[in-house]
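Visitor: Below you will find the structure I want to go over with you.
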């Protein structure tokens, strides 16, 4: 009997061209499908909760698979097998049975990303956070970030020429935290556009270093023009940290 399960993964995206399978490129989806093929003896389609850009990490990424129910009868054995096959920068953390109509992408209520900035150089964190050594006004950055909650069209922070039907997103939280010369920007929304978080971070950094004002930040949002926003922050500082689903989809 075929049943649907959610698989929770974490991965370090440094080596990968994002989640989604691409021709002649190393991707996380391809690595996971290859591992499942070795366990099941046949091709298994893995459907992710969304795309991630090249170099972006995930602490909690959800995908769904339809497989024979018996494959997951002993969860510990399955987790041991698949993690033995997967490369060291990808891990499967959990599996959970869900309703047959549950979808890793379309059933998601929200996604939360975090962007990490270091204000000192650390060779051990080079691939996991962005080194930015100039002084930043975190209070001004937070005041500007709050404005995101009052808008829904984020064309100004969208990758140009992306194939999406709408640039509407509903942001429910956006906030910078500061500790020990580390800055972490957390943002939660029902959906995100390609490059959106990195473009927002780069533009908020512009507020923090005094290049633009909070009023400029509002004008950038309202312009609905990617050309008005500032640079996109580097991919290696960004991580997907949570995907939220309705509780009733789990069995």
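What follows draws every value from the coordinates through simple rules; no lab data is involved. The structure displayed is predicted, hence computed values, not measured ones. Cβ coordinates were reconstructed from backbone atoms using ideal geometry, including for glycine residues, and neighbour counts include every protein chain displayed.
Visitor: How many of the residues making up the range 178-198 are in a strand (DSSP E or B) and touching a residue at least 24 places away in the same chain (Cβ under 8 Å)?
Guide: So the answer is 9.
Visitor: Could you check residue 82 against (1) out of contact with any helix residue (DSSP H, G or I) (no Cβ under 6 Å at 6 or more places or on another chain); (2) over 30 Å from residue 169 (Cβ atoms) and say which number it fails?
Guide: Exception for residue 82: condition (1).
Visitor: A follow-up question, please. Filter the range 7-20 down to residues that are within 20 Å of residue 245 (Cβ to Cβ) and buried (at least 23 other Cβ atoms within 10 Å of the Cβ), then give me how many there are.
Guide: 4
Visitor: Does residue 235 fit the bill of being within 19 Å of residue 118 (Cβ to Cβ), surrounded by 14 or more Cβ atoms within 10 Å (Cβ to Cβ) and under 22 Å from the mean Cα position of the chain (by Cα)? Give the derivation first.
Guide: Numbers: within 19 Å of residue 118 (Cβ to Cβ): yes; surrounded by 14 or more Cβ atoms within 10 Å (Cβ to Cβ): yes; under 22 Å from the mean Cα position of the chain (by Cα): yes.
It is true that residue 235 is within 19 Å of residue 118 (Cβ to Cβ), surrounded by 14 or more Cβ atoms within 10 Å (Cβ to Cβ) and under 22 Å from the mean Cα position of the chain (by Cα).
Visitor: Next up: Filter the range 150-177 down to residues that are surrounded by 14 or more Cβ atoms within 10 Å (Cβ to Cβ), over 17 Å from the mean Cα position of the chain (by Cα) and assigned to a helix (DSSP H, G or I), then give me how many there are.
Guide: Looking only at that region, the number is 2.
Visitor: Could you please find all residues in the range 34-50 being surrounded by fewer than 18 Cβ atoms within 10 Å (Cβ to Cβ) and assigned to a helix (DSSP H, G or I)?
Guide: Selection gives 34, 37, 38, 39, 40.
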